[in-house]
Amino acid sequence: LMPGVAPVPGVLRLSNNRLRWEDLRVPFHGALFRLDGELTDFAKPKVASTVKSERINFTTDLNLLHQALQITGLKGSYDLSAFDVRGDVHFPTGEAPRFDLKGTLDLDAKGLDEIFPSLKTAWAVCKPEGRVTIDGLFRGGLTDAKNWQMSFKAQAGELSLLSHPLSDVKFDYDQRDRNIGPVIFSASTYEGTAAGRFSVDLSSDARPFR
């Protein structure tokens, strides 16, 4: 082994046109992950694997294509949140990867600070509690936000923000052709119904909101 590289316990089995791994224990960012799975058809590789750790568990089915990764299934959980994602990741020559993904998320609002740590201060102020279901899609490159195509619908039967209870919460977001909107929000409170909508023009820096 190279200096500084620790051995990885587990079993590898190589047979005709198939590579299997069993009980591989891989340390990563302070956590220990167990991997079981196989790679088949070396000419047109397909990967099926399970990954388990103390906090994250998922199964995945992948097809390795020319300059692309096809995700036919990526399903699992992180703490009390769950996800189910599928789609493609393209790797154009000389360009950043481009994503074409769709799926569903079932989020535990209390765990948002772990999933989105860059917004931890905002979550501490909002104090979200409840479960949020999100169904959506995303197309584009991670660094090209103005040209994203993204659409999702989020809803929660019961949700608490800023220690105020809300019910029948709905949030619809749509972005395409350098335009966001309309973004629509509605929720029921003790005082009645709260609702709003807005749009953003990303093609111009002047007066983007409308």
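Heavy atoms of the protein only, probe of 1.4 Å, neighbouring chains included. What is the accessible area of THR189 in Å², nearest 10?
Accessible area, nearest 10 Å²: 50 Å².
Roughly how many debye, to the nearest 20, is the charge dipole of the stretch 54-138 about its Cα centre, given +1 on each Lys and Arg Cβ, -1 on each Asp and Glu Cβ, and no other charges?
Roughly 120 debye for the stretch 54-138.
Ranked by accessible surface with a 1.4 Å probe, highest first, in what order do GLU22, GLU95, GLU54, GLU114 come?
Largest to smallest exposure gives the sequence GLU54, GLU95, GLU114, GLU22.
Measuring from label point to label point, each 7 Å out along Cα→Cβ, what is the VAL26 to HIS90 span in nm?
With each label placed 7 Å out from Cα toward Cβ, I get 2.7 nm.
Quick one: how many lysine pairs does the stretch 61-157 have with C-alpha atoms less than 13 Å apart and a gap of 8 or more or different chains? Give me the count, please. Don't skip to the answer; put the middle values down first.
Working: LYS75/LYS102; LYS102/LYS153; LYS110/LYS120; LYS110/LYS127.
The number of close lysine pairs in the stretch 61-157 is 4.
Which of the following values of P(r) over Cα pairs in 10 Å bins from 0, in percent was calculated from the structure shown: (1) 7, 22, 32, 22, 12, 4, 0; (2) 9, 31, 29, 21, 9, 1; (3) 8, 25, 18, 13, 11, 11, 8, 5, 2, 0?
Matching entry in (1) 7, 22, 32, 22, 12, 4, 0; (2) 9, 31, 29, 21, 9, 1; (3) 8, 25, 18, 13, 11, 11, 8, 5, 2, 0: (1).
From the phi angles alone, apply the Karplus equation (6.51, -1.76, 1.60; θ = phi - 60°) to the stretch 36-44 and give each ³J(HN,Hα) in whole Hz, x where the residue is Gly or Pro.
9, x, 7, 10, 10, 6, 4, 6, 10
Under 5 Å between amide hydrogens, which residues at least 5 positions from LEU65 or on another chain qualify, with H placed 1.01 Å from N in the peptide plane?
GLN70
The values are calculated or read from the model by the stated rules, or taken from the named source; none is laboratory data. Bear in mind the structure is a predicted one, so any value in this text is a computation, not a measurement. All Cβ positions, even for glycine, are placed from backbone atoms using ideal geometry, and neighbour counts span all protein chains on display. These accessible areas exclude ligands, DNA and RNA; they are computed on the full protein's heavy atoms, side chains included. Shrake-Rupley method; radii C 1.70, N 1.55, O 1.52, S 1.80 Å.
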